Amino acid sequence: MYKDPIKGFIFDLDGTLVTSELNFTEIKENIGCPLDEDILEYISQIQDDHRRKAAEMYVVEMELKDALNATWICGAQCFLEQLHAHSIPMAIVTRNCRSATSVKINNNHIPIKLVLTREDAPSKPDPTALQLIAKEGRMEPSDIVYVGDYIYDIQAANRANMRAWSFGFDAQGYPQNKVDKYFDSFTELNINEFVAQK
């Protein structure tokens, strides 16, 4: 456990702050990606330019379609409002494209300005985006929490030396990765337990 109070929060977007109904199995089938491979990694390795661009466009199309129906995850909006009231810096790091991310943030009035997508930095589990945010905020990575709902989020937090909070994702099958906090609902979180009081 960390003794120092948390000084910043970074959030994943899909499945963490807002809902998502992306069907990854269907997407993989449509672009020819093996079911056990990562979609973005697979696309990046397609040699044929035309086929690679077609796959990229299809994924963006699916993301934009999904973005139109995204709504707040229960309790997430209230939690962000509490962080804002305590002047805790916040950011978002997502594997989404920038256009779909903007739709989700704008439609739901998510009060976070610092947002990095896969077009801004290498995709998770690469820790680069998290490290960039820590550097911009002039904070030690260990003072920042990254909240996500998948193993890539935990891995990225670990590699960036940040605290990893797992929202509704059981990482017990990945014993090499460290999770600092598990929670199944934002309503479980008591902000007074982990942030510095004024």
For this session: Determine, yes or no, whether residue 99 is open to solvent by 40 Å² or more (accessible area, probe 1.4 Å) and closer than 25 Å to residue 191 by Cα.
Result: no
Seminar exercise, completed: Residues of segment 139-152 being open to solvent by 10 Å² or more (accessible area, probe 1.4 Å), closer than 13 Å to residue 180 by Cβ and either of a type outside the set (Gly, Ala, Ser) or not in a helix (DSSP H, G or I) (or both), in sequence order, are 141, 143
For this session: Among what's in segment 81-90 and is outside any strand (DSSP E or B) and in contact with a Lys or Arg (Cβ under 9 Å, 6 or more places away or on another chain), pick the residue that is surrounded by the fewest Cβ atoms within 10 Å (Cβ to Cβ).
Result: 87
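If the requirement is being in contact with a Phe, Trp or Tyr (Cβ under 7 Å, 6 or more places away or on another chain) and in contact (Cβ under 8 Å) with a residue 60 or more places away in the chain, which of these qualifies: 88, 112, 151?
Exactly one of 88, 112, 151 is in contact with a Phe, Trp or Tyr (Cβ under 7 Å, 6 or more places away or on another chain) and in contact (Cβ under 8 Å) with a residue 60 or more places away in the chain, namely 88.
Residue by residue, here is whether (1) open to solvent by less than 80 Å² (accessible area, probe 1.4 Å); (2) in contact (Cβ under 8 Å) with a residue 60 or more places away in the chain; (3) not in a helix (DSSP H, G or I) holds:
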position	(1), (2), (3)
9	yes, yes, yes
33	yes, no, yes
42	yes, no, no
47	no, no, yes
51	no, no, no
Exercise. How many of the residues in segment 104-126 are surrounded by fewer than 20 Cβ atoms within 10 Å (Cβ to Cβ) and more than 23 Å from residue 159 (Cβ to Cβ)?
Worked result: 6
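Any chance segment 91-98 includes a residue that's out of contact with any Cys (no Cβ under 7 Å at 6 or more places or on another chain), assigned to a helix (DSSP H, G or I) and more than 27 Å from residue 23 (Cα to Cα)?
Looking only at segment 91-98, we keep the residues that are out of contact with any Cys (no Cβ under 7 Å at 6 or more places or on another chain), and these are 91-98.
Okay, now just the ones that are also assigned to a helix (DSSP H, G or I), so 98.
Narrowing the set further to residues that are more than 27 Å from residue 23 (Cα to Cα) leaves none.
Among the residues of segment 91-98, not one is out of contact with any Cys (no Cβ under 7 Å at 6 or more places or on another chain), assigned to a helix (DSSP H, G or I) and more than 27 Å from residue 23 (Cα to Cα), which makes the answer no.
Can you name the residue in segment 169-198 that is among the aromatic types (Phe, Trp, Tyr) and not in a loop (DSSP other than H, G, I, E, B) and, of all such residues, is nearest to residue 78 (Cα to Cα)? Before the answer, list the steps.
Looking only at segment 169-198, we keep the residues that are among the aromatic types (Phe, Trp, Tyr), and these are 169, 174, 182-183, 186, 194.
Retained after the next criterion (residues that are not in a loop (DSSP other than H, G, I, E, B)): 182-183, 186.
Working: 182: 19, 183: 16, 186: 8 Å.
So the residue we want is 186.
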Exercise. Pairs under 6 Å by beta carbon, first residue modelled with pLDDT under 90 in segment 169-198, partner part of a strand (DSSP E or B), six or more apart or different chains?
Worked result: 194/6; 195/6
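Please verify whether residue 78 is open to solvent by less than 20 Å² (accessible area, probe 1.4 Å) and either within 28 Å of residue 5 (Cα to Cα) or touching an Asp or Glu at 6+ places or on another chain (Cβ under 9 Å) (or both), treating the condition exactly as stated.
In short, no.
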Exercise. Which of the residues belonging to segment 153-168 are within 17 Å of residue 76 (Cα to Cα) and either touching a His at 6+ places or on another chain (Cβ under 6 Å) or surrounded by fewer than 20 Cβ atoms within 10 Å (Cβ to Cβ) (or both)?
Worked result: 168
Exercise. Looking at this structure, is residue 4 without any contact (Cβ under 8 Å) to a residue 40 or more places away in the chain and surrounded by fewer than 17 Cβ atoms within 10 Å (Cβ to Cβ)?
Worked result: no
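The values are calculated or read from the model by the stated rules, or taken from the named source; none is laboratory data. This structure is a prediction, so every number in the text was calculated from the model and none was measured. Glycine also receives a Cβ, built like all others from the backbone with ideal geometry; neighbour counts cover every protein chain displayed. The protein model used for the area step is the full one, side chains on, heavy atoms only, and it has no ligands, DNA or RNA in it. Shrake-Rupley method; radii C 1.70, N 1.55, O 1.52, S 1.80 Å.
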